[in-house]
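Trainee: I have a structure I would like to understand better, so I am pasting it below and will then ask my questions one at a time.
The values are calculated or read from the model by the stated rules, or taken from the named source; none is laboratory data. If you're wondering where the values come from, they're calculated on a predicted model, not measured in any experiment. Ideal geometry is used to build each Cβ from the backbone, glycine not excepted, and the neighbour counts take in all protein chains shown. Heavy atoms of the whole protein, side chains included, go into the accessibility calculation; ligands, DNA and RNA do not. Shrake-Rupley method; radii C 1.70, N 1.55, O 1.52, S 1.80 Å.
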Amino acid sequence: METLRIEPIPAFEDNYFWLLVRNGDAAVVDPGDAQPVLERLHREGLRLRAIVVTHHHRDHVGGVAQLKAATGAYVYGPAAEEIPARDAALAQGDTIDLLGVPFTVLDVPGHTRGHIAYHAPSAHIVFVGDTLFAAGCGRLFEGTPPQMYASLAKLAALPPLTRIYCAHEYTLANLRFARAVEPDNAALVERMQRCEAQRARGEPTIPTTLAEELATNPFLRCDQPAVRAAAEAREPGAGADAVRTFAAIRAWKDRF
Ligand code: ZN
Ligand code: FE
């Protein structure tokens with residue numbers, strides 16, 4: 001059996017719909033638009049078997065109904081949200097098979113109330129939607145800081161070599177903010193240079209790895225003295241614990 005390939009389908013301003021391919025079969029994660037997916041399927045002669053949704057935002061579900069109608073693909077989505085044409089309603093601990101690879105569902109509320117992630121322990125990959133970004137995290141549209149902090153902690157506990165597939169190319173802007181939080185983090189300087197070169201070549205900076213996020217993503221580093229101190233300097237008292245630090249730097253990023 002051919003090994004699994006995972007490729008981005010860039011769409012809109014900065015979205016990635018992730019296409020999984022194996023032996024002529026395909027699955028797609030968060031297709032906000034059907035057209036670029038249908039074009040890719042047609043060009044490569046692929047059969048779409050599954051549509052996998054992390055949360056209900058339009059840029060993640062906009063193409064679901066049309067893709068299902070065109071291909072008959074089975075639609076997986078979070079149980080706690082309204083997802084068009086959903087066949088299976090998923091929550092924490094559910095397992096699904098995508099092209100022969102077992103995935104476990106993680107509840108990761110915060111960006112939205114019912115947001116889920118899809119983790120394949122054997123393949124060391126996770127699709128995180130808009131929860132975790134390279135050097136950043138999603139905005140808190142429906143959840144609270146403690147909820148989002150717990151969701152990020154759940155992802156941070158996966159094996160460090162896990163490859164993280166996010167739904168947006170926000171990396172350079174996130175790294176600029178990360179450097180404002182941690183100006184003395186040398187790993188950030190190196191990462192910025194590497195990601196700027198990738199973007200200059202027109203390449204995605206995604207996937208990232210958990211190890212890289214643990215070293216450079218301020219939202220996963222709220223237990224670090226430097227990040228605590230930066231939060232405290234913005235908002236007296238915020239440095240007292242990791243959740244308050246998280247809330248303060250998330251609010252700071254919203255205005256950055
Ligand atoms: Zn979203
Ligand atoms: Fe999004």
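Trainee: Among all residue pairs at least 6 apart or on different chains, which show Cβ distances below 7 Å where the first residue, located in region 206-227, is in contact (Cβ under 8 Å) with a residue 60 or more places away in the chain and the second is of a type in the set (F, W, Y)?
Mentor: I206/Y16; I206/Y165; P207/Y165; F219/F246; C222/F246
Trainee: If you don't mind, another one. Mind checking which residues of region 117-142 are over 19 Å from I6 (Cα atoms) and either part of a strand (DSSP E or B) or within 12 Å of ligand 1 (Cβ to nearest atom) (or both)?
Mentor: T131, G136, C137, G138, R139, L140, F141, E142
Trainee: Next question, about the same structure. Got a sec? Which of P84, P121, P109, P31 is open to solvent by less than 10 Å² (accessible area, probe 1.4 Å) and either out of contact with any Cys (no Cβ under 6 Å at 6 or more places or on another chain) or within 14 Å of ligand 2 (Cβ to nearest atom) (or both)?
Mentor: P31
Trainee: Counting just the residues of region 148-165 that are within 15 Å of ligand 1 (Cβ to nearest atom) and not aliphatic (A, V, I, L, M), which one comes out surrounded by the most Cβ atoms within 10 Å (Cβ to Cβ)?
Mentor: S151
Trainee: What's the number of the only condition in (1) under 17 Å from the mean Cα position of the chain (by Cα); (2) crowded, with 20+ Cβ neighbours inside 10 Å that R58 fails to meet?
Mentor: (2) is the only condition that R58 fails.
Trainee: Now, a different point. Kindly establish whether T71 is away from ligand 2 (no atom under 16 Å from the Cβ), polar (S, T, N, Q) and free of Cβ contacts under 8 Å to residues at least 12 places away in the same chain. Break it down into steps so the answer makes sense when it comes.
Mentor: On the way: away from ligand 2 (no atom under 16 Å from the Cβ): yes; polar (S, T, N, Q): yes; free of Cβ contacts under 8 Å to residues at least 12 places away in the same chain: no.
No, not satisfied.
Trainee: Let me ask something else about it. May I ask you to say which residue of A120, A65, A134 is touching a Phe, Trp or Tyr at 6+ places or on another chain (Cβ under 8 Å), free of Cβ contacts under 8 Å to residues at least 40 places away in the same chain and of a type in the set (G, A, S)? Lay out the reasoning, then the answer.
Mentor: Working: A65 fails: touching a Phe, Trp or Tyr at 6+ places or on another chain (Cβ under 8 Å); A134 fails: free of Cβ contacts under 8 Å to residues at least 40 places away in the same chain.
One residue alone meets the criteria, A120.
Trainee: Something else about it: Suppose we keep only residues that are outside any helix (DSSP H, G or I) and hydroxyl-bearing (S, T, Y) within region 162-179. Which one would you say is nearest to ligand 2 (Cβ to nearest atom)?
Mentor: Looking at residues that are outside any helix (DSSP H, G or I) and hydroxyl-bearing (S, T, Y), I get Y170.
Trainee: Now, a different point. Kindly establish whether D59 is within 16 Å of ligand 2 (Cβ to nearest atom) and out of contact with any helix residue (DSSP H, G or I) (no Cβ under 6 Å at 6 or more places or on another chain). Full working, then the answer.
Mentor: Details: within 16 Å of ligand 2 (Cβ to nearest atom): yes; out of contact with any helix residue (DSSP H, G or I) (no Cβ under 6 Å at 6 or more places or on another chain): yes.
Taking the combined requirement at face value, the residue satisfies it.
Trainee: Would you confirm whether any residue within region 193-201 is without any contact (Cβ under 8 Å) to a residue 60 or more places away in the chain and within 16 Å of ligand 2 (Cβ to nearest atom)?
Mentor: No, region 193-201 contains no residue that is without any contact (Cβ under 8 Å) to a residue 60 or more places away in the chain and within 16 Å of ligand 2 (Cβ to nearest atom).
Trainee: May I ask you to say which residue of L90, L99 is away from ligand 1 (no atom under 16 Å from the Cβ), touching a Phe, Trp or Tyr at 6+ places or on another chain (Cβ under 7 Å) and open to solvent by less than 50 Å² (accessible area, probe 1.4 Å)?
Mentor: L90 is the lone residue from the list that is away from ligand 1 (no atom under 16 Å from the Cβ), touching a Phe, Trp or Tyr at 6+ places or on another chain (Cβ under 7 Å) and open to solvent by less than 50 Å² (accessible area, probe 1.4 Å).
Trainee: Can you pull out every residue in region 191-229 that is assigned to a helix (DSSP H, G or I) and within 13 Å of F133 (Cα to Cα)?
Mentor: Residues satisfying the conditions are L210, E212, E213, L214, T216, P218, F219, L220.
Trainee: Looking only at region 124-141, count how many residues are away from ligand 2 (no atom under 13 Å from the Cβ) and open to solvent by 40 Å² or more (accessible area, probe 1.4 Å).
Mentor: Residues in region 124-141 being away from ligand 2 (no atom under 13 Å from the Cβ) and open to solvent by 40 Å² or more (accessible area, probe 1.4 Å): 2 in total.
Trainee: Report every pair of residues separated by at least 6 positions or lying on different chains whose Cβ atoms are under 7 Å apart, first residue within region 27-42 and closer than 14 Å to H168 by Cα and within 16 Å of ligand 1 (Cβ to nearest atom), second part of a helix (DSSP H, G or I) and open to solvent by 30 Å² or more (accessible area, probe 1.4 Å).
Mentor: Filtered contacts from region 27-42: G32/R58; G32/D59.
Trainee: Related question: Mind checking whether some residue in region 180-190 is open to solvent by 60 Å² or more (accessible area, probe 1.4 Å), within 16 Å of ligand 2 (Cβ to nearest atom) and not in a strand (DSSP E or B)? Step through it out loud before you land on a result.
Mentor: Initially, region 180-190 is screened for residues open to solvent by 60 Å² or more (accessible area, probe 1.4 Å), giving 183-184, 186, 190.
Add one more test, that the residue is within 16 Å of ligand 2 (Cβ to nearest atom), and what stays is none.
The answer is no, given that none of the residues of region 180-190 is open to solvent by 60 Å² or more (accessible area, probe 1.4 Å), within 16 Å of ligand 2 (Cβ to nearest atom) and not in a strand (DSSP E or B).
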